[in-house]
Amino acid sequence: MKKNYLILALILMLNNFLFSQTVTLTPTGVNGANVSSGPINLGSVPTSTITLGVKVQIPSNVAVGDQGTLKIYYSILGTSNANIAAGGDGGSLYFGGGKTANASFTINLHWNDFFISGGFIFAEYKTPSGVVYRSSNLAVIKNSTMTSGTTLNPPADAPNPRNITNTLCCNQTIRLGEKPQPITGTQYLNPYNGLPYGINAKWESDTQTSGIDFINQVLTLDYMNSLGSFTYTRSLGYVYGNEYPNKSNTVTVTVVPSPIVKNEISLDASLNENDFFEITDTNPKKIIGTSQPAEVNLNILQNPFHTPQRGDNFARIEKFEWEYTKTNVALGLKNWTIISGENNASLEFFTPSDVSTTEDNYYMVRRIAIYQNIKKVSNTLKIVYRTIRNNNTICCDQTLMINSGTIESPELINGSQATPEVDQFLKYQWQSQSIDNNDGGKMSNWTNIPGATSKDYLPPSLTVVSVSDRRNPGKVTWTTPITYNYRRVTEPQKSNGKYSYSNEINLSSSTNQSTEPSLIAYPNPATSVINIENKKGDIFFNISSKSVTIFDVNGMVVNSNNYSIISPTKISMDVSSLPLGTYFVNFDTGDRRSTKVTFIKSN
């Protein structure tokens, strides 16, 4: 016996010595009881349910974007003899561009798998290249004998799950894209809820469920996007035994075709590595929804199994609702929230109210089409919504003039001195996004620019090509088939830091020499005074006669028409009282489009 304890102690010491603690394993529950530390006590229970939290911090020398696998192992000897615990295969781990990720597990451990002297569990993260990082071992102990049968000496007043009335209600038929009514179960007392001899309910279905309200014994289902019949049952048993001897009747939800024939939404934005559309708070995006003149087939409304054909009668959708939910890839979805006041076919700008300014925000967005009392859900868009943080800003948009086949050279894109988080060091990485003007302005995904790791960045010149005018043979125009957006990413040098993304700026071209102003702001960054000038000196755009407004990155007005006139094409503005950050100066040109220039306020 002493030998077994000695072997286990040596294993624990060796494990801590060999592996830096980049993976942290924390217990949160054992058989329904809350815990915050080890050891894990299996007691005399044949099968124990363990909940765990895992935090993975990637070392600074590991490439950004690694998404390896995370697993929970158990063993009685050493890590080389470990086995994956039931429920311990976490699959791929999501980092969201950072160096830290969190995951939660619910695993089952069996009394027979461990020595009387115990054993241990650990978490293991493996990178795509095969490098392994392990947590410290978490000890597992147990009683010397195991209780048999399906009881654990519960108190006399503890309900027996076999004797509880367990029925569900009711069968229902819904249209495709609708949300079923909640499935309700008979109520029962559970005075020892959370204890080993409390009552546990297990819902089973052949389709995915969105949530269970255990207090009221109600199964809440989300909108259903598949035709067919789907069944649901509820089984009851004690918490500790992982056995459910009391099974309910079966409830069936039948999904038939919907008369609402179209309901799709889309977003013109790039995707990140996890297929989330990227939006920044300084560059909001419109979510576009289909809105055909006739989207409701009245013949299908009368008969769900009617085959659509020419001559069918149609009606318009009456209104739309928009919903969103904040999501965490590791923890799952939260509740859906209706976006107040948004009932149009498209969502002009998705600007949620619960945005965190300290980290990236992940959302799901969808649209509900409504006709009379019929609803149909759209496809779901995954969106990552980013805010400007760490004083990570860049400046400014540039419009390069094309003249007789030649184009101006780009100017340096200035970046602020980013502010790292506590105990962090930052490095910069510039990214670009191409815009194909020959393909309707189609944007590529963001990619790193090799070698662009300085505070500022000088973009390469745009390529100019000639285009023949079919209506005027011999006439040639010049254009840039590809233009670019740029942004800067700050990368933390320590594993527990967070990435931040700057605002986006655009590098484009123009051949309109006479009507479009070409504005510059200098010095940029500015400390006290900013000068803004139409560098072409074109009196057509009299800068001193325009309404001028300064906005911050949150869209708040910080200065309105408070400037000094230097000349008809040049003004000066006092910005000494503004906080550090990026600002946008807007010139209202009357019946022409507003013109905007960006500057950075620095120390």
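The values are calculated or read from the model by the stated rules, or taken from the named source; none is laboratory data. This one's a predicted model, so the numbers in the text were calculated from it and none came from an experiment. Every residue, glycine among them, receives a Cβ derived from its backbone with ideal geometry; neighbour counts consider all protein chains shown.
Conditions tested, residue by residue: (1) hydrophobic (A, V, I, L, M, F, W, C); (2) on the phi > 0 side of the Ramachandran plot; (3) part of a loop (DSSP other than H, G, I, E, B); (4) touching a helix residue (DSSP H, G or I) at 6+ places or on another chain (Cβ under 8 Å).
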position: 255; (1), (2), (3), (4): yes, no, no, no
position: 275; (1), (2), (3), (4): no, yes, yes, no
position: 285; (1), (2), (3), (4): no, no, yes, no
position: 288; (1), (2), (3), (4): yes, no, no, no
position: 357; (1), (2), (3), (4): no, no, yes, no
position: 365; (1), (2), (3), (4): yes, no, no, no
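Taken over the range 369-415, residues that are under 13 Å from residue 520 (Cβ atoms), charged (D, E, K, R) and at pLDDT below 85 amount to 1. Checking the structure you have, find out if any residue of the range 356-364 is surrounded by 14 or more Cβ atoms within 10 Å (Cβ to Cβ), more than 14 Å from the chain's Cα centre (by Cα) and at pLDDT 90 or above. No; the residues of the range 356-364 include none that is surrounded by 14 or more Cβ atoms within 10 Å (Cβ to Cβ), more than 14 Å from the chain's Cα centre (by Cα) and at pLDDT 90 or above.
Could you check the range 149-239 for strands (runs of 3 or more DSSP E) lying wholly inside it with 3 or more residues that are within 37 Å of the chain's Cα centre (by Cα) and at pLDDT 90 or above?
The strands (runs of 3 or more DSSP E) meeting that bar are 172-175, 183-185, 228-238.
Look at residue 370 and say whether it is touching a helix residue (DSSP H, G or I) at 6+ places or on another chain (Cβ under 8 Å) and surrounded by fewer than 19 Cβ atoms within 10 Å (Cβ to Cβ). Please lay out each step first, then the result.
On the way: touching a helix residue (DSSP H, G or I) at 6+ places or on another chain (Cβ under 8 Å): no; surrounded by fewer than 19 Cβ atoms within 10 Å (Cβ to Cβ): yes.
It is false that residue 370 is touching a helix residue (DSSP H, G or I) at 6+ places or on another chain (Cβ under 8 Å) and surrounded by fewer than 19 Cβ atoms within 10 Å (Cβ to Cβ).
Here residue 307 fulfils each of the conditions (1) surrounded by fewer than 20 Cβ atoms within 10 Å (Cβ to Cβ); (2) at pLDDT 90 or above; (3) in a strand (DSSP E or B) apart from (3). In the range 101-115, the residues that are in contact (Cβ under 8 Å) with a residue 24 or more places away in the chain reach residues that are in a strand (DSSP E or B) and aromatic (Phe, Trp, Tyr) with C-beta atoms within less than 7 angstrom, at least six apart or across chains, in these pairs: 109/74; 113/74.
The condition (being modelled with pLDDT of 85 or more, surrounded by 21 or more Cβ atoms within 10 Å (Cβ to Cβ), over 30 Å from residue 493 (Cβ atoms) and hydrophobic (A, V, I, L, M, F, W, C)) is satisfied by just one residue among 52, 42, 70: 42.
To keep it simple, each residue is scored yes or no on (1) assigned by TED's automatic domain parsing to the domain that holds residue 442; (2) at pLDDT below 75; (3) surrounded by 19 or more Cβ atoms within 10 Å (Cβ to Cβ); (4) not in a strand (DSSP E or B).
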position: 467; (1), (2), (3), (4): yes, no, no, no
position: 473; (1), (2), (3), (4): yes, yes, no, yes
position: 478; (1), (2), (3), (4): yes, no, no, no
position: 490; (1), (2), (3), (4): yes, no, yes, no
position: 497; (1), (2), (3), (4): yes, yes, yes, yes
position: 517; (1), (2), (3), (4): yes, yes, yes, yes
position: 521; (1), (2), (3), (4): yes, no, yes, no
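Looking only at the range 242-269, residues that are buried (at least 18 other Cβ atoms within 10 Å of the Cβ) and more than 22 Å from residue 166 (Cα to Cα) come to 9 in all. Is it the case, given these coordinates, that residue 426 is closer than 17 Å to residue 388 by Cβ, in contact (Cβ under 8 Å) with a residue 24 or more places away in the chain, surrounded by 13 or more Cβ atoms within 10 Å (Cβ to Cβ) and not hydroxyl-bearing (Ser, Thr, Tyr)? Answer is yes for this residue.
If the condition is being in contact with a Leu (Cβ under 8 Å, 6 or more places away or on another chain) and among the charged types (D, E, K, R), then the range 226-246 contributes only 234.
In this structure, residue 105 does not qualify as over 32 Å from the mean Cα position of the chain (by Cα), among the aromatic types (Phe, Trp, Tyr) and either in a strand (DSSP E or B) or surrounded by 13 or more Cβ atoms within 10 Å (Cβ to Cβ) (or both). A search for C-beta distances below 9 Å between a residue of the range 167-190 that is over 10 Å from residue 251 (Cβ atoms) and any residue that is outside any loop (DSSP other than H, G, I, E, B) and among the basic types (Lys, Arg), counting only pairs 6+ apart in sequence or on different chains, returns 175/375; 175/376; 176/376; 177/375; 177/376; 178/375; 178/376; 179/375. For the range 74-94, check the following and say yes or no: at least one residue is charged (D, E, K, R), surrounded by fewer than 16 Cβ atoms within 10 Å (Cβ to Cβ) and under 31 Å from the mean Cα position of the chain (by Cα). Yes; the residues of the range 74-94 include at least one that is charged (D, E, K, R), surrounded by fewer than 16 Cβ atoms within 10 Å (Cβ to Cβ) and under 31 Å from the mean Cα position of the chain (by Cα).
One residue alone among 442, 455 is in the same structural domain as residue 404 (by TED's automatic domain parsing), of a type in the set (Lys, Arg), closer than 26 Å to residue 502 by Cβ and in contact (Cβ under 8 Å) with a residue 40 or more places away in the chain, and that residue is 455.
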